[in-house]
Amino acid sequence: MGNSVKHHPSLSLLEQFCDGSLTPEVALLVATHLDFCPHCQRLSKDIEADLACSFAAAPVAAGQDDWLSMMQQVLAEAETTAKPVTPSTDPVVTNLEVGGHQFELPRALQRLSSKRSKWLTLGGIATARLPSGEPHHISLLFIDKNTAVPQHTHKGLEMTLVLAGEMVDEQGRYVPGDLIINTPDDTHTPRNVSDDPCLCLSVLSAPLQFKQGMTRLLNPLQRFFY
Amino acid sequence: MLDQRRTYGHHASQFANNSPGLMDTTETASPLNLGQWEEALGLIAINRDKSAYAGLFNYFAPRLKAFGIKMFGNEQQAMEMVQDTMLNVWQKAALFDPTRGCASTWIYTIARNVRFDMLRKKQSRKDDISADDLWSDGDYPEQEDLQSHSWDLYIIAEKIAPHFAALPPAQRVVMEKVYLEENSHQEVAEQLGIPLGTVKSRIRLALDRLREAVDGQQR
């Protein structure tokens, strides 16, 4: 599954993922990429070890802090907390059905997928938002076989991760695990030219703008894609 | 589970197996006193050993606080993060697996996750993306990767030199010792007083960084 992944996050994106400084939506996209990509899994373990090494070796000045009393508080709190690990009450969903197709979900999306919004369908395309805040929106995007997303540009950043099936645009061909990043300068037409449906995870920082002919009529519908 | 060195002294056992007598060198050279914290976590997990916990607390709490202040920018949240992280360390010590990495990495990732969830709760986004969704508990299957090795000779010989200077100092020192001075990974670990695993991970990170630099050049 991981061998064919060719489009990876940059090292700096991985570093920000590892130190926890990415926005939750972008972090979720990177985490999902890792579920597909042994190479980046190993890199991120290395980065964590490196960050932890500087953290642990950092010299600290002797301060006024009363660590002994904090430790006693922690131990007292541990006594009163019955179960150390509270199991999550959210259902874990390993499969997703859309457009009459079943998709297997990667680990990172299994809990969250039960919290998605309703599917909005437009032709062969459907989208459902996952819980997210500002400034990024994160959605599942279904593209049926032989279907194109109308050509568009972005006011902001668009990040797409292929979860199942395959997709092409002006730059290349993408398979599950591949990460595609488009900046405001890029114009592209993602298409599914295969005979199988395609499922993607999409992070947007601003609505899409459609460029060509009749598709400009879609601009009032841009919230659909956001 | 009975052989403590095997179970808890991840790095210590690595060194001891490969090169007897090396322990002393690394212990004096390293600020971390290799193996100590892995062993402490083992004692906490099995015996609920409060004195082992106190030792760990005294070492890591101030460092967690410094990390928290850097990330939050204020002391109150930093202290909340320290307390929550150290509670997790006490409660989850049995989940620590020394074959997957050293104690400081485990504690660092707990702190990172605690911080992430604190930020989320502060924004009242309880249903939202949580640290558990993002960071699996290290349960990816182990993968052998031969890519870095096949790259070794090729990229060093080629147009790598100009990018060498741009490497983070810690990685550059390791790369110079391995590729220019032709030391073994083990020797570099010994000279710098760092775990063998750290030498290897710095090399992989540096190689990846150089690969990225070369890719950028070709475009």
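May I ask you to list the residues in the stretch A:182-207 that are under 18 Å from the mean Cα position of the chain (by Cα), surrounded by 16 or more Cβ atoms within 10 Å (Cβ to Cβ) and farther than 14 Å from A:LEU141 by Cα?
Across the stretch A:182-207, the qualifying residues are A:ASN182, A:SER205, A:ALA206, A:PRO207.
Take the residues in the stretch A:102-136 that are farther than 20 Å from A:VAL92 by Cβ and polar (S, T, N, Q), then tell me which one is surrounded by the fewest Cβ atoms within 10 Å (Cβ to Cβ).
A:THR121
Conditions (1) small (Gly, Ala, Ser); (2) crowded, with 21+ Cβ neighbours inside 10 Å; (3) assigned by TED's automatic domain parsing to the domain that holds B:GLY35; (4) at pLDDT 90 or above, marked per residue:
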| position | (1), (2), (3), (4) |
| --- | --- |
| B:PHE72 | no, no, yes, yes |
| B:GLN76 | no, no, yes, yes |
| B:LYS92 | no, no, yes, yes |
| B:ARG120 | no, no, yes, no |
| B:ASP152 | no, no, no, no |
| B:ILE155 | no, no, no, no |
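Please work out if A:ASP65 is under 30 Å from B:LYS65 (Cα atoms) and either among the acidic types (Asp, Glu) or facing chain B (nearest Cβ under 10 Å) (or both).
On the way: under 30 Å from B:LYS65 (Cα atoms): yes; either among the acidic types (Asp, Glu) or facing chain B (nearest Cβ under 10 Å) (or both): yes.
Considered against the rule, which asks whether it is under 30 Å from B:LYS65 (Cα atoms) and either among the acidic types (Asp, Glu) or facing chain B (nearest Cβ under 10 Å) (or both), A:ASP65 comes out as yes.
Being facing chain B (nearest Cβ under 8 Å), small (Gly, Ala, Ser) and surrounded by fewer than 21 Cβ atoms within 10 Å (Cβ to Cβ) is true for just one of A:ALA58, A:ALA31. Which residue is that?
Working: A:ALA31 fails: surrounded by fewer than 21 Cβ atoms within 10 Å (Cβ to Cβ).
Being facing chain B (nearest Cβ under 8 Å), small (Gly, Ala, Ser) and surrounded by fewer than 21 Cβ atoms within 10 Å (Cβ to Cβ) holds for just one of A:ALA58, A:ALA31, which is A:ALA58.
When residues of the stretch A:41-55 are filtered for being over 13 Å from B:TRP135 (Cβ atoms) and more than 7 Å from chain B (Cβ to nearest Cβ), how many remain?
1
State yes or no: is A:PHE210 modelled with pLDDT under 70, under 22 Å from A:PRO135 (Cβ atoms) and either exposed (fewer than 15 other Cβ atoms within 10 Å of the Cβ) or touching a helix residue (DSSP H, G or I) at 6+ places or on another chain (Cβ under 7 Å) (or both)? Walk me through how you get there before you give the answer.
Numbers: modelled with pLDDT under 70: yes; under 22 Å from A:PRO135 (Cβ atoms): yes; either exposed (fewer than 15 other Cβ atoms within 10 Å of the Cβ) or touching a helix residue (DSSP H, G or I) at 6+ places or on another chain (Cβ under 7 Å) (or both): yes.
Criteria met by A:PHE210.
Only one of (1) modelled with pLDDT under 90; (2) under 19 Å from the mean Cα position of the chain (by Cα); (3) in a helix (DSSP H, G or I) fails for B:TYR140. Which number is that?
Here B:TYR140 clears every test but (3).
Condition (residue is without any contact (Cβ under 8 Å) to a residue 40 or more places away in the chain and within 18 Å of B:ASP84 (Cβ to Cβ)) applied to the stretch A:53-60: is it met by at least one residue?
Filtering the stretch A:53-60 down to residues without any contact (Cβ under 8 Å) to a residue 40 or more places away in the chain leaves A:53-60.
This time we only want the ones that are within 18 Å of B:ASP84 (Cβ to Cβ), so: A:55.
Yes, that holds for at least one residue.
Name the pairs whose Cβ atoms lie under 6 Å apart, with the first residue in the stretch B:46-64 and within 11 Å of chain A (Cβ to nearest Cβ), the second outside any helix (DSSP H, G or I) and modelled with pLDDT under 95, and 6 or more positions between them or separate chains?
B:PRO62/A:VAL60; B:ARG63/A:ALA58; B:ARG63/A:VAL60
Within the stretch A:192-207, which residues are of a type in the set (S, T, N, Q) and either over 15 Å from A:ALA128 (Cβ atoms) or modelled with pLDDT under 90 (or both)?
Filtering the stretch A:192-207 down to residues of a type in the set (S, T, N, Q) leaves A:192, A:194, A:202, A:205.
Of everything in the stretch A:192-207, those that are of a type in the set (S, T, N, Q) and either over 15 Å from A:ALA128 (Cβ atoms) or modelled with pLDDT under 90 (or both) turn out to be A:ASN192, A:SER194, A:SER205.
Check B:PHE96 against each of (1) under 22 Å from A:ALA49 (Cβ atoms); (2) modelled with pLDDT of 95 or more and name the one condition it does not meet.
(2)
Out of the residues in the stretch A:72-112 that are in contact with a strand residue (DSSP E or B) (Cβ under 6 Å, 6 or more places away or on another chain) and outside any strand (DSSP E or B), state the one that is modelled with the highest pLDDT.
A:LEU105
What pairs come out if I take residues in the stretch A:94-122 that are within 10 Å of another protein chain (Cβ to nearest Cβ) and pair them with residues that are in a strand (DSSP E or B) and surrounded by fewer than 18 Cβ atoms within 10 Å (Cβ to Cβ) whose C-beta lies under 9 Å away, six or more apart or interchain?
Hits for this filter: zero, empty list.
Looking at (1) within 13 Å of A:VAL60 (Cβ to Cβ); (2) in contact (Cβ under 8 Å) with a residue 24 or more places away in the chain; (3) within 10 Å of chain A (Cβ to nearest Cβ), which is the only condition B:GLY68 fails?
Only one criterion is unmet by B:GLY68, namely (3).
Go through the stretch A:130-154 and give me each residue that's more than 19 Å from A:PRO176 (Cβ to Cβ), within 14 Å of chain B (Cβ to nearest Cβ) and touching a residue at least 24 places away in the same chain (Cβ under 8 Å). Outline the logic, then answer.
Step one: of the stretch A:130-154, the residues more than 19 Å from A:PRO176 (Cβ to Cβ) are A:131-137, A:148, A:150-154.
From what's left, within 14 Å of chain B (Cβ to nearest Cβ): A:131-137.
The answer is A:SER132, A:GLY133, A:PRO135, A:HIS136, A:HIS137.
Select from the stretch A:1-25 the residues that are surrounded by fewer than 20 Cβ atoms within 10 Å (Cβ to Cβ) and under 11 Å from the mean Cα position of the chain (by Cα) and list them in ascending order.
If the condition is that a residue be surrounded by fewer than 20 Cβ atoms within 10 Å (Cβ to Cβ) and under 11 Å from the mean Cα position of the chain (by Cα), then A:THR23 is the only one that fits.
The values are calculated or read from the model by the stated rules, or taken from the named source; none is laboratory data. The model shown is predicted, which means the values in this text are computed figures rather than measured ones. Cβ coordinates were reconstructed from backbone atoms using ideal geometry, including for glycine residues, and neighbour counts include every protein chain displayed.
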